[in-house]
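J.: Structure below; questions to follow.
The values are calculated or read from the model by the stated rules, or taken from the named source; none is laboratory data. As the structure is a prediction and not an experimental result, all values here were calculated from the model. Here the Cβ is made from the backbone with ideal geometry for all residues, glycine too, and neighbour counts use every protein chain on show. The area values use the complete protein model at the heavy-atom level, side chains included, leaving out ligands, DNA and RNA. Shrake-Rupley method; radii C 1.70, N 1.55, O 1.52, S 1.80 Å.
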Amino acid sequence: MAVLTTLLIAGFIVTPSLSSHANAQLTQKKVFRLGYFPNITHAQAVIGVGNGDYQKALGVNIELKSLTFNAGPSATEALLANQIDATYIGPNPTVNGYVVSEGNAVRVISGVTSGGAVFIVRNDSGIQSSKDLGGKKFASPQIGNTQDVALRKYLLDNGYKTKDKGGNVEILPVKNPDILTLFLKKEIDGAWVPEPWGEKLIKEGNGRLFLDERTLWPGGKFVTANIVVNPEYLHNNPDVIKKFLEAHVNETQWINSHKEDALKTFNVELKKLTGQTIPEDELKEAVSRLELTYDPLQETLIKSANDAFEIGFLGKTKPDLGGIFDVNILNEVLKEKGLQSVGEAQNQTSTTGNGSSGGNLINNPIEK
């Protein structure tokens, strides 16, 4: 009896320990590392991350870790270096990351923003039309980012070459906050920037709207930002991505249907990130030139890629982008919400050419 009692006691000591260990394994937290920019074009993330909506949607067993960037190339580098799992980002850095990784590190899983990019010139720059751009100096947020490519393509279409191509137009890669300083010092004649920086240059930098990029696109719609994810993370954590996309769609709908409240909330969260807010009149005007959406506007990303190739950013062979989109989980989320699906007929869209960027990887599992 003494031996039996000892064994029973031992059993009651061991069993709970084993059970606790098993439960700990079952409830072990996953981590989701998300990148975004402190811009109105990434408003869903600025608000959703900042006020806790995204973490609440992910639940207690998924830890959200966020990181902010100034422009797309930096976010792409972080994604390729496995420092983040997903990011809000513009189309041209998305394409570049896809090409550089041979299709293995980037998938577009949702849209974020259409429009919201403008070409602003100084009022005293002497620029009245496209005929006045020669010999001028302009800025873009970062070389190779979406606005940088748009600026270079616009110059090329209007008969200008940049200095690095033997022409007489100079483009400076400058962080968005510093562009205003250069404007005020009259060290640049204009800049192609995302909102709200365009409106800030108008209101605070003696700038004038020279071109709203929407006028260059059919229907005025073009992708300014999408969400991309590392395909391996997508394959291993579809549950995390689904919860995240549910939160993203919800945030998009809330902002679009509560614009005044959303703008106030955006400024609150922006101050946490940058220590600054955007004047209400500037913010309203900036938002009027963009549309928040979960539609990735696939055809416009392909057009942006063709533009980047034309100006020399994507090598000598036009890449095949047939595998860059995977909107399966997004469409699952939209179906459950009774919303129209996106991009189903375009999932195999690609540029024409003989590139080999993993065009057959769109829905294939990633092998370790």
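Residue-by-condition table, conditions (1) small (Gly, Ala, Ser); (2) surrounded by 18 or more Cβ atoms within 10 Å (Cβ to Cβ); (3) closer than 29 Å to ARG289 by Cα:
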{"position": "THR41", "(1), (2), (3)": "no, yes, yes"}
{"position": "GLY48", "(1), (2), (3)": "yes, yes, yes"}
{"position": "VAL60", "(1), (2), (3)": "no, no, no"}
{"position": "LYS65", "(1), (2), (3)": "no, no, no"}
{"position": "PRO73", "(1), (2), (3)": "no, yes, yes"}
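Residues are listed down the side, and each one gets a yes or a no for (1) at pLDDT below 95; (2) of a type in the set (Val, Ile, Thr):
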residue: GLY48; (1), (2): no, no
residue: PRO73; (1), (2): yes, no
residue: THR94; (1), (2): yes, yes
residue: TYR98; (1), (2): yes, no
residue: VAL118; (1), (2): no, yes
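J.: Another question, then. Looking at GLU285 and the list (1) open to solvent by 10 Å² or more (accessible area, probe 1.4 Å); (2) under 28 Å from ARG208 (Cβ atoms); (3) within 21 Å of the chain's Cα centre (by Cα); (4) modelled with pLDDT under 95, which single condition is not satisfied?
T.: The one condition GLU285 does not meet is (3).
J.: While we're here: Among the residues of the stretch 181-189, is there at least one that is open to solvent by less than 50 Å² (accessible area, probe 1.4 Å) and under 30 Å from ARG33 (Cα atoms)?
T.: Within the stretch 181-189, not a single residue is open to solvent by less than 50 Å² (accessible area, probe 1.4 Å) and under 30 Å from ARG33 (Cα atoms).
J.: Out of everything in the stretch 75-87 that is in contact (Cβ under 8 Å) with a residue 24 or more places away in the chain and not in a helix (DSSP H, G or I), what residue ends up being most open to solvent (accessible area, probe 1.4 Å)?
T.: Looking at the filtered set, the residue picked out is GLN83.
J.: Please name all residue pairs, on different chains or six or more residues apart, with Cβ atoms under 6 Å, provided the first residue is in the stretch 327-344 and is on the phi < 0 side of the Ramachandran plot and the second residue is part of a helix (DSSP H, G or I) and open to solvent by 50 Å² or more (accessible area, probe 1.4 Å).
T.: Final answer for the pair search is VAL333/GLU246.
One line per residue, one yes/no per condition, for (1) open to solvent by less than 30 Å² (accessible area, probe 1.4 Å); (2) over 23 Å from GLY97 (Cβ atoms):
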{"site": "THR224", "(1), (2)": "yes, no"}
{"site": "VAL229", "(1), (2)": "yes, no"}
{"site": "VAL249", "(1), (2)": "yes, yes"}
{"site": "ILE255", "(1), (2)": "yes, yes"}
{"site": "HIS258", "(1), (2)": "no, yes"}
